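The values are calculated or read from the model by the stated rules, or taken from the named source; none is laboratory data. Note that the coordinates shown come from a computational prediction; the quantities given were computed from them, not determined experimentally. So basically every Cβ, Gly included, is an ideal-geometry build from the backbone, and we count neighbours across all protein chains shown.
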Amino acid sequence: MKKSIPFYFIILCLLISIAFLLFYPTNKKTIDEETIKIFFPESENINITAEIANNEKSRARGLMHRKKLDEDRGMLFIFPKEQNLSFWMKDTYIPLDIIFLDENKQITTIHQDSKPLDTGTYKSQYPSKYALEVNAGFCEKYTIKVKDQVVFSL
């Protein structure tokens, strides 16, 4: 009995589909989907979920062009090493608190209520490895202060 060309084509398509499902990393997250839980144990043990910005492109984009940020959300910027950091609010529509952390995850500097679309700079007072952006008023509401410890695992 002779098989027709469409039969072989269907079998080939089925095998390609199975191979795609087996070998394509569908559970791999993109940078925009990767999040981390961050705890503030010295401030009512409050926690937030933060998106991670850990490469040049994601750090440059940050929270630009977003119209809102949920109260329990933020963005954690991770730098390769401790250094003096500088942020600005160009193309950022959300007023933010910017929290700078050293490599031990201790708060070194806080800039409260940074102004949307501001092209001025917000700098860390001391070398920092991380910067956490949250909604303006977060630090005041939860009495977050310099030298507080922040907890998260990468």
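For the reader, a short list of remarks on this structure follows.
- Any chance LYS37 is closer than 29 Å to HIS111 by Cβ, more than 10 Å from the chain's Cα centre (by Cα), modelled with pLDDT of 85 or more and not in a strand (DSSP E or B): no
- Scanning region 107-154 for residues that are under 20 Å from LYS81 (Cα atoms), small (Gly, Ala, Ser) and surrounded by fewer than 14 Cβ atoms within 10 Å (Cβ to Cβ) gives a single hit, SER153.
- Residue in region 91-99 that is closer than 16 Å to THR35 by Cβ, surrounded by 21 or more Cβ atoms within 10 Å (Cβ to Cβ), in contact with a strand residue (DSSP E or B) (Cβ under 6 Å, 6 or more places away or on another chain) and at pLDDT 95 or above present: no
- Options LEU76, LEU63; residue that is outside any strand (DSSP E or B), aliphatic (A, V, I, L, M) and either within 14 Å of the chain's Cα centre (by Cα) or within 19 Å of GLU42 (Cα to Cα) (or both): LEU63
- Verdict on GLU51 being under 21 Å from TYR93 (Cβ atoms) and surrounded by 13 or more Cβ atoms within 10 Å (Cβ to Cβ): yes
- The condition of being in contact with a Pro (Cβ under 7 Å, 6 or more places away or on another chain) and without any contact (Cβ under 8 Å) to a residue 60 or more places away in the chain holds for GLN83.
- Checked against (1) assigned to a loop (DSSP other than H, G, I, E, B); (2) modelled with pLDDT under 90; (3) over 12 Å from the mean Cα position of the chain (by Cα), PHE20 passes all but condition (1).
- Test set (1) at pLDDT below 95; (2) over 13 Å from the mean Cα position of the chain (by Cα); (3) loosely packed, with under 15 Cβ neighbours inside 10 Å; (4) not basic (Lys, Arg) - GLN83 fails condition number: (1)
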